[in-house]
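So the structure is just underneath, and the comments pick up after that.
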Amino acid sequence: VPLNEKSLIARIRRQSTASRRVIQGIGDDCAVLRIPRGHEVLVTTDFSLEGVHFRREWHSPQSVGHRCLTRGLSDIAAMGGKPIAAFLSLALPRSLPQSWVDKFIRGLLSLAKRFDVQLAGGDTAGSPGKILADIIVVGSVPTGKAVLRSGARPGDRIFVSGSLGGSAATVRQMMSGGKLNPLNFTAHFFPQPRIALGSQLREKSIASAMIDVSDGLSTDLTHLCDESGVGAEISADAIPVATVGKVVVNLDLALHGGEDYELLFTARQPVPNRIAGVPLTEIGRVTRKKGIFLISGQRRKRLTAKGFEHLSS
Ligand SMILES: [Mg+2]
């Protein structure tokens, strides 16, 4: 049985690291945050639902906690911002062992510590069914400088960080019954939010538009193009396809698989091969004509956004 709310909160409070941007964290009616002078506030919220985003038989509680916070941090990265504080609302079934909750919190807090993010509040409740975790991350960005999805213009080059499809390929392997060592499949179990990359792309005025790849390249590129009122052509050969457990991932998973938490951005100029230690690959161009097209050899076919199905299929 999980601890009652009071002792759970006391436990989180003891383990959470203090950030100088948090004037008042857990223990009052609201958190009080200090936003740096000349900055605006970024806020993002994301669900992590048992059976949709994770399964207890596949994911360690540490991985669930880590991935829960990654979802929020990755959104802050995609705006070119820096995270300040996180807020966590948890609904837990009564049958859940307290050790699961402890490890979940440990996974979340160790990532938070790495990015100097304080867990500054939240809520807990009993869940009649499965585990539900909702993370809110608050960050900041210099006024007027947030990198939006809407800044892409025809002729811009399209780039993506890291590699794609690794997370979805890992899910496929687990679905087909493989028991995986999480240490060999970190793209899925312990993805790294691209905070340093995102803020450098903003500081150096490289990115004209940006989004994180949470739902899959085809879907997230569609979001970016829709917001910018443009289309895109991407080259199949250029897609940085992930290698998972020594196997090169299928191109379809790299195009449509979600939860890689890489950054997808457009730029007016060529971009270095690597920024903040993360490899960058040019995959195509922004076009005036709407729609997204995949070029492979002589063939040019329309790429439709296949929404990421998470674990439900
Ligand atoms: Mg996002």
Restraint check, Lys82/Lys145; Lys82/Lys113; Lys6/Lys82, Cα-Cα greater than 20 Å: Lys6/Lys82
Heavy atoms of Met79 accessible to a 1.4 Å probe, total area in Å² rounded to 10: 60
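Of all the Cα-Cα pairs you can form in segment 94-139, what percent are over 13 Å apart?
Percent of Cα pairs beyond 13 Å in segment 94-139: 64.
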Segment 197-278 - percent of accessible surface contributed by carbon and sulfur, probe 1.4 Å: 44
Residues with amide H under 5 Å from that of Asp260, placed H, sequence gap 5 or more: Gly216
Principal axis dimensions, segment 64-176 - Cα atoms, whole angstrom, descending: 55, 41, 26
Within straight-line cross-link reach of Lys246, lysines at Cα separation under 24 Å, skipping those fewer than 8 residues along the same chain: Lys179
Surface share of carbon and sulfur [accessible, 1.4 angstrom probe, percent] for segment 1-86: 50
Kirkwood estimate for segment 47-106, i.e. one over the average of 1/r between Cα atoms, Å: 12.6
Debye log10 I(q)/I(0) for the chain, one point scatterer per Cα, at q = 0.13, 0.14, 0.16 Å⁻¹: -0.93, -1.06, -1.31
Residues whose placed amide H lies under 5 Å from that of Thr124, excluding near-sequence neighbours: Leu90
Positive-end extreme of charge dipole, segment 1-139 - chosen from Leu111, Val138, Asn4 (charges on Cβ): Leu111
DSSP-defined antiparallel bridges as percent of all bridges, the chain, nearest 5: 75
Size descriptor, Kirkwood hydrodynamic radius, that averages inverse alpha-carbon separations across segment 189-313, Å: 15.2
Reach of Lys289 by Cα under 17 Å, taken over aspartates and glutamates that are not fewer than 8 positions away in the same chain: Asp156, Asp226, Glu227, Glu233
Selection from Leu280, Phe293, Ile239, by position along the positive dipole direction of segment 216-312 (Cβ): Phe293
Accessible area per residue, Å², the chain with all protein chains present, probe 1.4 Å: 46
Net charge dipole size for segment 61-182 [Lys, Arg +1 and Asp, Glu -1 on Cβ; Debye, nearest 20]: 300
GNM flexibility winner over the chain from Thr222, Thr143, Thr281 (Cα, springs under 10 Å): Thr143
J(HN,Hα) series, segment 11-24, from Karplus relation 6.51 cos²θ - 1.76 cosθ + 1.60, nearest Hz, glycine and proline x: 5, 4, 4, 5, 8, 6, 8, 8, 10, 5, 7, 9, 6, 9
Along principal axes, Cα extents of segment 145-255, largest first, whole Å: 44, 27, 20
For Ile23, solvent-accessible area (1.4 Å; no DNA, RNA or ligand), Å²: 90
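The values are calculated or read from the model by the stated rules, or taken from the named source; none is laboratory data. For clarity, every value in this text was computed on a predicted model and none was experimentally measured. So basically every Cβ, Gly included, is an ideal-geometry build from the backbone, and we count neighbours across all protein chains shown. Note: areas computed on protein heavy atoms with side chains; ligands, DNA, RNA excluded. Shrake-Rupley method; radii C 1.70, N 1.55, O 1.52, S 1.80 Å.
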